[in-house]
Amino acid sequence: MYKLILNQVIKLFSKRIAFLAVGVLIGMSTSAQTTAIDSANYVQPFSKTSAFRTWSIGINGGLLVPFNEDFQGANYRQPGFGFYVKNQILSTIGLQADFFGGQAIGYNSYDNSLSQYRTRTVSAALSLYVTLANINWRHKKSVIQPYFTGGYGYMAYQPVITTEAAPGSEVTSLYKQPGNGIIKSFFVPVGVGLKINVSNTISVDLGYSVSLINADDFDGLIFGTRNDEISYIHAGLEFAIGNHQKPQLATHNPVNSMRTEYLKIERLLIIRINAQNAQIDALKNEVTTKTELINNANASLLKFTTDSDGDGVPDLFDKCPGTPAGTIIDGSGCPLVFPAVTVPAPKQLEIVKATVTEQEKKVIKDAVDNLQFDFDKATIREVSFETLDKLAKLLVERRLNLRLSGYTDNMGPDAVNLKLSIDRAEAVKTYLVSKGVNPSKIEANGFGKENPIASNNTLEGRTLNRRVEFTVY
């Protein structure tokens, strides 16, 4: 059944393609040449459907023309009427419930045995409504919008046939049907048209539709393999329902809303740029004013700083200008005269090195080997206290001097490593002083990553490089 209906649609539109093409081209051309009706239809992009009017109703009237193989004489155009209710789902797609009624008349059956048929019909269908030109890149809103529809429906019709043998006599259908000859059948409606937007609420509807009936008995006679069809050309009005302050979704041009948003952003940017330019101009004026003040100050300062002979005394205060280079002068720029002075030769200082026993060396070595700090800190761990206490006792008893040299590995920033090495050397000094050692006898220095005693490329090497060296003298 559906394959047959599809073939009929193809045949139908192949015969009427010129009409459809002209209609669509006229609609597109008119849409491209129209200007915006008004700018009150702005809706922020990506708004919900509730921001629009989506429901509308329409009424129309026109001419109904049948197409069939059963009656080969003239098919007279008879009046028809219809109305519909439409809900717009998207800017380009809607669902439309159509209701139609009318009468079809034809003459001369294929075998000339029947002179005339007259069929009254009513139908209801649900169709998909597709708008083609509400998106417009040239104008804010299109005045003319082409559309096409396609759907599925149910039709009831009653054919009445007049025989040739007895003119004027009428029979209700050639076959027995329940309900006094009323026949019911499914059908497929397809159509095209133009909507002319007269206002924000009213549109003129000009359309052409064809109903492909799933039966060959619309005229009361079955002949051939082709099902019957009826066409309907109409004109009517469509009325949008809802708040008049909201635009219709069916006629809304989302491109215009995007353009409006762009203009808003553009205006805001212009305002901000102008404000920033004003601030820049004010800063430029301030810089110019301060530059002039600095130049004036430099010019005044120049006479106080000019030193022609380079003796360190400005020319303004130099009482002896032209002093030769290297001459020792007084505050007024004049050379100083020194009396001859005999300086005695300095006495040779005797450096005494301290000597320590093997047992004392072991005390020092144990203090070095057991010295431990918290990770990345200068806090001495408790395990080091015993050997440090013995070292402090040795230093006090022998009155020895001690030089502490802190070192780190090369991991981390140099400044951090240098500070850590100094802090650890100072921590050892502080501990020894707390145990009675004279602070003047201890010198604490830090050298960071300098003087490594092993390679920093291995964990063992870096461990050896993190150390505090003890030098007793």
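Annotations
- Every test in (1) under 18 Å from ARG381 (Cβ atoms); (2) open to solvent by 30 Å² or more (accessible area, probe 1.4 Å); (3) among the small types (Gly, Ala, Ser) is passed by ALA415 save one, and that test is (1).
- Test: residue in segment 281-300 that is open to solvent by 20 Å² or more (accessible area, probe 1.4 Å), of a type in the set (A, V, I, L, M), at pLDDT below 85 and farther than 30 Å from GLN88 by Cα: yes
- Hey, VAL313 more than 30 Å from SER142 (Cβ to Cβ) and touching a Ser or Thr at 6+ places or on another chain (Cβ under 9 Å) or not: yes
- Residue in segment 210-231 that is part of a strand (DSSP E or B) and in contact with a His (Cβ under 6 Å, 6 or more places away or on another chain) present: no
- Sole exception among (1) more than 34 Å from the chain's Cα centre (by Cα); (2) farther than 30 Å from VAL130 by Cβ for GLU238, by number: (2)
- ILE422 more than 23 Å from PHE385 (Cβ to Cβ) and open to solvent by 50 Å² or more (accessible area, probe 1.4 Å): no
- Segment 151-174 - residue that is of a type in the set (Gly, Ala, Ser) and under 22 Å from GLY101 (Cα atoms) and, of those, modelled with the lowest pLDDT: SER173
- Some residue of segment 80-87 being open to solvent by 60 Å² or more (accessible area, probe 1.4 Å), out of contact with any helix residue (DSSP H, G or I) (no Cβ under 8 Å at 6 or more places or on another chain) and at pLDDT below 80: no
- Checklist (1) within 44 Å of the chain's Cα centre (by Cα); (2) more than 22 Å from LEU63 (Cα to Cα); (3) surrounded by fewer than 18 Cβ atoms within 10 Å (Cβ to Cβ); (4) touching a residue at least 24 places away in the same chain (Cβ under 8 Å) applied to ILE222, failing item: (1)
- Residue check for THR121: in contact with a strand residue (DSSP E or B) (Cβ under 9 Å, 6 or more places away or on another chain), at pLDDT below 90 and surrounded by 16 or more Cβ atoms within 10 Å (Cβ to Cβ): no
The values are calculated or read from the model by the stated rules, or taken from the named source; none is laboratory data. Worth saying up front: this structure is predicted, and the values here are computed from it rather than measured. Cβ atoms come from the backbone with ideal geometry, glycine included; neighbour counts cover every protein chain shown. Just so you know, the surface numbers come from the protein's heavy atoms only, side chains and all, with ligands and any DNA or RNA stripped out. Shrake-Rupley method; radii C 1.70, N 1.55, O 1.52, S 1.80 Å.
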